[in-house]
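*Asks:* Just passing along the structure, written as structure tokens.
The values are calculated or read from the model by the stated rules, or taken from the named source; none is laboratory data. Quick caveat, the model's predicted, so the values are computed rather than measured. In this analysis, Cβ positions are derived from the backbone assuming ideal geometry, glycine residues included, and neighbour counts consider all displayed protein chains.
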Amino acid sequence: MKKTVSLLLAAVLVSLAFTGCVFDRKKTALTVSGAAVDEEIFNYYLDKVEQRPADYGLSQDFSAGEAKEAAREQCVRYVAFNSCFAEQGLSLTVPEKVSIADNVNNFWLRGETHYKKIGVSKSTLTKIFTCEAYKDAIFDHLYDKGTADESAEGLIKSYFYSNYISFRNICAYFTGDESGRRLTEQERMDLVSVFAGIASASGNDSDGFTTACADAGYVASDIMVLEKDSEGYPDGFFESVDMMEAGQVSVLEYDDCVFAVRKESLTDLGDGLYSSYRGTCIKEMYAAEWEEYIEDYVSSFTVDA
């Protein structure tokens with residue numbers, strides 16, 4: 001992959017990024033394509049690997065050598081993200097820098113003892129969090145065209161309205177008590193009948209649903225937003241609600257539970273809801289392309305012998 005800035009220049013830019021210091025006196029742990037990575041950076045990633053090995057492709061009985069190799073790979077990515085950020089000519093905004101400082105302060109407040117134990121300073125946390133901000137900025141630069149780009153914005157909105165639903169609901173399980181006893185068939189039928197009565201009494205009015213639920217002894221939920229393929233709901237729940245008309249109340253019965261669901265309109269909830277999910281939608285839409293881009297870019301960086 002061709003780069004607009006040489007790796008040597010990028011390494012210099014990495015050493016200067018967000019530190020304000022040219023001469024780093026910390027001991028070098030490894031060198032990545034000419035850029036020195038100090039022991040504190042390495043220790044941070046090694047600790048992350050040891051704490052959550054599965055996130056880095058390791059089994060629970062990983063060896064020390066495997067952990068160190070995974071940490072080195074993270075160091076390579078650290079250098080690559082810093083380099084890419086410099087090559088793209090990007091910069092962080094003041095609010096972004098303030099957010100980094102706040103996050104560092106919060107993490108240091110909670111984990112100062114642990115970080116000191118593994119040999120990681122607060123300034124190193126700042127470097128790590130800054131690199132993460134660089135990564136996000138690179139993604140936004142590549143894939144977020146801004147709301148003024150009508151074509152790109154149309155694709156994002158289409159994704160949002162195709163992959164999210166909004167609704168209010170009540171739910172009851174077919175277990176009669178804390179012992180886990182399942183309801184008898186008659187009890188189950190009676191419960192479903194109660195939910196059917198709620199649906200019938202609700203009408204098309206949101207307050208009507210609230211009242212019908214209350215009259216039957218249930219409290220309707222607030223408006224909820226659910227993404228397709230989310231966990232926590234029975235298989236097919238999203239698809240069933242998605243097919244409903246806005247304002248419609250339906251009873252959805254599953255093996256272990258029953259729902260009375262009132263479909264809400266995403267568009268009626270206003271642009272603010274879409275805006276709050278817009279960034280997530282972009283990340284989901286371009287996840288595969290972004291991963292391919294990053295892997296291709298990172299592959300050109302190597303740990304020097």
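*Asks:* How many residues does the stretch 91-142 contain that are under 23 Å from Arg278 (Cβ atoms) and among the aliphatic types (A, V, I, L, M)?
*Replies:* Number satisfying all stated conditions: 8.
*Asks:* Can you list residue pairs whose Cβ atoms sit under 8 Å apart, with the first residue in the stretch 30-47 being assigned to a helix (DSSP H, G or I) and the second being of a type in the set (S, T, N, Q)? Count only pairs 6 or more apart in sequence or on different chains.
*Replies:* Short answer, once both residue conditions are applied: Glu39/Thr28; Glu40/Ser121; Glu40/Thr124; Ile41/Thr124; Tyr44/Thr124; Tyr45/Gln74.
*Asks:* Is there a residue in the stretch 211-225 that is among the polar types (S, T, N, Q), modelled with pLDDT of 95 or more, surrounded by fewer than 17 Cβ atoms within 10 Å (Cβ to Cβ) and over 19 Å from Tyr173 (Cα atoms)? Break it down into steps so the answer makes sense when it comes.
*Replies:* To start, the set of residues in the stretch 211-225 that are among the polar types (S, T, N, Q) comprises 211, 221.
Those still in the list that are modelled with pLDDT of 95 or more too: 211, 221.
Next, only the ones that are surrounded by fewer than 17 Cβ atoms within 10 Å (Cβ to Cβ) stay: 211, 221.
Among the residues that remain, those that are also over 19 Å from Tyr173 (Cα atoms) are: 211.
Yes, some residue in the stretch 211-225 is among the polar types (S, T, N, Q), modelled with pLDDT of 95 or more, surrounded by fewer than 17 Cβ atoms within 10 Å (Cβ to Cβ) and over 19 Å from Tyr173 (Cα atoms).
Condition check ((1) farther than 16 Å from Glu132 by Cβ; (2) among the hydroxyl-bearing types (Ser, Thr, Tyr); (3) in contact with a Phe, Trp or Tyr (Cβ under 6 Å, 6 or more places away or on another chain); (4) at pLDDT 95 or above) across all residues:
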{"residue": "Tyr45", "(1), (2), (3), (4)": "no, yes, no, yes"}
{"residue": "Lys48", "(1), (2), (3), (4)": "no, no, no, yes"}
{"residue": "Ala54", "(1), (2), (3), (4)": "yes, no, no, yes"}
{"residue": "Phe81", "(1), (2), (3), (4)": "no, no, yes, yes"}
{"residue": "Phe85", "(1), (2), (3), (4)": "no, no, yes, yes"}
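*Asks:* Return the residues of the stretch 104-140 that are in contact with a helix residue (DSSP H, G or I) (Cβ under 6 Å, 6 or more places away or on another chain) and basic (Lys, Arg); say none if nothing qualifies.
*Replies:* Within the stretch 104-140, Lys122, Lys135 qualify.
*Asks:* So the check is Cβ under 7 Å with 6+ separation or different chains; which pairs have a first residue in the stretch 196-207 that's touching a residue at least 24 places away in the same chain (Cβ under 8 Å) and a second one that's assigned to a helix (DSSP H, G or I)?
*Replies:* Sorted first by the residue in the stretch 196-207, then by its partner, the pairs are Ile198/Ala212; Ile198/Cys213; Ser202/Gly208; Ser202/Phe209; Ser202/Ala212.
*Asks:* Hey, can you tell me all the residues within the stretch 1-29 that are at pLDDT 50 or above and either hydroxyl-bearing (Ser, Thr, Tyr) or part of a helix (DSSP H, G or I) (or both)?
*Replies:* Of everything in the stretch 1-29, just one residue is at pLDDT 50 or above and either hydroxyl-bearing (Ser, Thr, Tyr) or part of a helix (DSSP H, G or I) (or both), namely Thr28.
*Asks:* Yes or no: Leu273 hydrophobic (A, V, I, L, M, F, W, C), within 30 Å of Leu155 (Cβ to Cβ) and assigned to a helix (DSSP H, G or I)?
*Replies:* yes
*Asks:* Another question about this same structure. Tell me which of these Asn169 doesn't satisfy, since it passes every other one: (1) in a strand (DSSP E or B); (2) out of contact with any Ser or Thr (no Cβ under 6 Å at 6 or more places or on another chain).
*Replies:* (2) is the only condition that Asn169 fails.
*Asks:* Quick one: what pairs do we get from the stretch 85-98, first residue assigned by TED's automatic domain parsing to the domain that holds Ile294 and among the small types (Gly, Ala, Ser), second in a helix (DSSP H, G or I) and surrounded by 11 or more Cβ atoms within 10 Å (Cβ to Cβ), C-beta under 8 Å, 6+ apart or different chains?
*Replies:* Taking only residues 6 or more apart or on different chains, the pairs are Ala86/Ala10; Ala86/Leu13; Ala86/Val14.
Listed here are the residues, each with its yes/no results for (1) touching a Pro at 6+ places or on another chain (Cβ under 8 Å); (2) under 30 Å from Gln88 (Cβ atoms).
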| position | (1), (2) |
| --- | --- |
| Phe209 | no, no |
| Ser240 | no, no |
| Tyr254 | yes, no |
| Cys257 | yes, no |
| Thr267 | no, no |
| Ser275 | no, yes |
| Lys283 | no, yes |
| Ala288 | no, yes |
| Ser300 | no, yes |
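*Asks:* Of the numbered conditions (1) within 18 Å of the chain's Cα centre (by Cα); (2) in a loop (DSSP other than H, G, I, E, B), Gly146 fails exactly one; give the number of that condition.
*Replies:* (1)
Rundown of residues vs (1) under 21 Å from Leu266 (Cβ atoms); (2) part of a loop (DSSP other than H, G, I, E, B); (3) not polar (S, T, N, Q), yes/no style:
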| residue | (1), (2), (3) |
| --- | --- |
| Asp207 | yes, no, yes |
| Thr210 | yes, no, no |
| Ala214 | no, no, yes |
| Gly217 | no, yes, yes |
| Ser221 | yes, yes, no |
| Asp229 | yes, yes, yes |
| Tyr233 | yes, yes, yes |
| Ser240 | yes, no, no |
| Ala246 | yes, yes, yes |
